[in-house]
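Data first, discussion second: the structure below is written as structure tokens.
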């Protein structure tokens, strides 16, 4: 498992070559690539604890440990970094406000357990049922409504300092437009740095906690509590994590020229166990990271050895409380500017699922599925039944599943339902 084959001379890669997961380059180069993965995940991974109030150093520690656990369970066959999941932000925020951080951690832990159980099921029965339960219109609607449901949170931070937030927002946009390669991939981090500098000049940053924090020390630990009334808010997140993991495995398979569908169960279980481990001590929930897929695509290096380096580096960085304190000094205005981008992008990922799945919105069942689910999610419709609270994300997810399958079934009964072949619009192949 740990005997990576040296790729070529270990120092060069031909233009048409890739470094496979079971290969590695020379260790100095592998160390550099691993550090690059840390840089790529850093900005997004730290934004989740900033937005939810979880300890940043704890999140970083279990991000690294979760990555190593993922690599162990997948036996180094699927390169991935497990960073903080944005899909949990809304239920964590609502749970913390309604009860406590411990209750939010309890919801995260239960969600991780469900994801792990789902992974074991997928490993046994395969992935065919996933597409039937959640076709692209349903999956895209669920992902989109989670992003758009967070819009009020972004606006609340934005209002704390509109000037700083606006500068941060445009810094992210300009960095994305102007820079290519790795700099383009970390445009969110660069935007945060620009916004932070502006906030310092405007007197919006308090450095007292940084001065008081020690250079070395263990992260701050918290433990979960379980509130059954809050758990339904977390359940829809399982579907999003399912989509993220399937998408990650598919992307890596395409880039390495391999069919990795048989690994979906292991990746789901790994992500679930890593989330449970993190929630047990106060860290943020985890998920596979698109930022690191971008690094692999740019470098054409898919070696899991680089991810071991990244995981160990994250663990070492987490042992400095001063780093965590410095991150927590980022003011609301900066967060407001960057979350305008990030939450919107989560919503657009859902829209992209519709495009990639060639969803035909001339069909009423697709119109109703997406339309109702989005309105329920954006309006954050809340329904409390015997102490159990269902929020916009949970109700929107339920609406998408029920409306789609109800209309599809009624269409089959009445003979008005079209076949999948007829349902998919004609697509003219594009030149590559």
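Taken together, the values in this text are just the output of simple stated rules run on the coordinates, not laboratory data. Predicted model, so just to flag it, every value in this text is computed and none were measured. Note that we place each Cβ from the backbone using ideal geometry, even for glycine, and neighbour counts take in every protein chain shown.
Remarks
- Based on the Kirkwood approach, the hydrodynamic radius assigned to the stretch 1-132 is 17.6 Å, with every pair of different Cα atoms included.
- Highest average packing first - 277-286, 104-113, Cβ atoms within 10 Å: 277-286, 104-113
- The convex hull defined by the C-alpha atoms of the stretch 187-242 has an orientation-averaged projected area of 7.8 nm².
- Distance between the stretch 273-316 and the stretch 358-410 - C-alpha centres, whole angstrom: 32 Å
- The calculated pair-distance distribution of the stretch 176-317 uses every alpha carbon pair, bins of 5 angstrom beginning at 0, and gives 2, 7, 10, 15, 16, 16, 15, 12, 5, 2, 0 percent.
- The chain, helix-only ellipticity at 222 nm - DSSP H runs n ≥ 4, -39,500 (n - 2.57), divided by all residues, nearest 500: -21500 deg cm²/dmol
- The Stokes-Einstein estimate for the stretch 18-91, based on a Kirkwood radius over Cα pairs and taken at 37 °C with 0.692 mPa s viscosity, is a diffusion coefficient of 241 µm²/s.
- Over the stretch 112-167 - Rg/Rh using Cα atoms and the Kirkwood inverse-distance radius: 1.27
- Mean Cβ neighbour count within 10 Å, used as a protection proxy, ranking 312-321, 249-258, 56-65 highest first: 56-65, 312-321, 249-258
- Range of Cα positions in the stretch 328-395 per principal axis (Å), largest first: 49, 39, 14
- Note on the stretch 235-321: Cα-only Rg and Dmax are 14.1, 42 Å.
- Along its principal axes, the chain has C-alpha extents of 69, 53, 41 angstrom, given from the largest down.
- Alpha carbon Rg of the stretch 282-402, scaled by the compact-globule rule 2.2 N^0.38 Å: 1.47
- Two-site FRET efficiency, residue 177 against residue 223, from Cβ-Cβ distance with R₀ of 30 Å, rounded to 0.05: 0.10
- For the stretch 295-343, alpha-carbon Rg over 2.2 N^0.38 Å: 1.61
- Cα centroid separation, the stretch 24-56 to the stretch 165-227 (Å): 13 Å
- Divided by 2.2 N^0.38 Å, where N counts the residues, the Cα radius of gyration of the stretch 222-286 comes to 1.34.
- Using equal-weight Cα scatterers in the Debye expression, the normalised intensity of the stretch 76-200 in log10 at q = 0.10, 0.17, 0.18 Å⁻¹ is -0.52, -1.20, -1.24.
- Antiparallel content of DSSP bridges confined to the chain, in %, to 5: 65 percent
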